[in-house]
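Below: one structure, written as structure tokens.
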Amino acid sequence: MQFWTELRTALMLARVGSVSGAADALGVHRATVNRNIDTLEVEFQAPLFQRHARGYTLTETGQEMLDVVGRADEMLSDLSGRSRGKVGQLSGTLVVTALAGITPLVMPALRDFHRAYPQIKL
């Protein structure tokens, strides 16, 4: 997505309400937050935030943007969580070919392997 970094910045700014808070949360400089918001406002051809002395609030266009970006962020976080949950899990099919004389030696190891990794089809 062409503007994902900028959209994440806008999402963080909407959540925390200040440029410095968004910059701290994202690990970037305040100028980067301002530049990203400016880029989005040019792209949307509308202001996304109203600037106040006490922080930033969303405009109507900004709220519409936040609804979509918030859902995208939730889906990407869910995907990331699913991926992390599968790290180290083995699954699939394992085909073992062995000579008949070796089978008594291999079978106990295969049985233990299958107990440790039940997702593997032997």
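The values are calculated or read from the model by the stated rules, or taken from the named source; none is laboratory data. On a predicted model such as this, the values are computed, not experimentally measured, just so you know. Because the Cβ atoms are built from the backbone with ideal geometry, glycine has one as well, and the counts that use them run over all protein chains shown. Just the protein is used for accessible areas: all its heavy atoms, side chains included, with ligands, DNA and RNA removed. Shrake-Rupley method; radii C 1.70, N 1.55, O 1.52, S 1.80 Å.
Report whether or not Gly85 is within 28 Å of the chain's Cα centre (by Cα), at pLDDT below 80, under 30 Å from Phe3 (Cα atoms) and not polar (S, T, N, Q). Walk me through it before giving the result.
Working: within 28 Å of the chain's Cα centre (by Cα): yes; at pLDDT below 80: yes; under 30 Å from Phe3 (Cα atoms): yes; not polar (S, T, N, Q): yes.
Judged against the criteria, Gly85 is a match.
Of Thr59, Thr97, which residue is open to solvent by 90 Å² or more (accessible area, probe 1.4 Å) and among the hydroxyl-bearing types (Ser, Thr, Tyr)?
On the way: Thr59 fails: open to solvent by 90 Å² or more (accessible area, probe 1.4 Å).
Exactly one residue qualifies, and that residue is Thr97.
Residue by residue, here is whether (1) over 24 Å from the mean Cα position of the chain (by Cα); (2) exposed (fewer than 13 other Cβ atoms within 10 Å of the Cβ) holds:
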{"position": "Val16", "(1), (2)": "no, no"}
{"position": "Asn34", "(1), (2)": "no, no"}
{"position": "Ala46", "(1), (2)": "yes, no"}
{"position": "Arg54", "(1), (2)": "yes, yes"}
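Could you grab me the full set of residues in region 93-109 that are small (Gly, Ala, Ser) and modelled with pLDDT of 80 or more?
Quick first cut of region 93-109, residues small (Gly, Ala, Ser) only: 98, 100-101, 109.
The answer is Ala109, and nothing else.
Are any of the residues in region 64-82 open to solvent by less than 70 Å² (accessible area, probe 1.4 Å), within 18 Å of Phe3 (Cβ to Cβ) and touching a strand residue (DSSP E or B) at 6+ places or on another chain (Cβ under 9 Å)?
Step one: list which residues in region 64-82 are open to solvent by less than 70 Å² (accessible area, probe 1.4 Å), which gives 65-66, 69-70, 72-73, 77, 80-81.
Remaining after also requiring within 18 Å of Phe3 (Cβ to Cβ): 65-66, 69-70, 72-73.
Imposing the further condition that a residue be touching a strand residue (DSSP E or B) at 6+ places or on another chain (Cβ under 9 Å) reduces the set to 65-66.
There is at least one residue in region 64-82 that is open to solvent by less than 70 Å² (accessible area, probe 1.4 Å), within 18 Å of Phe3 (Cβ to Cβ) and touching a strand residue (DSSP E or B) at 6+ places or on another chain (Cβ under 9 Å).
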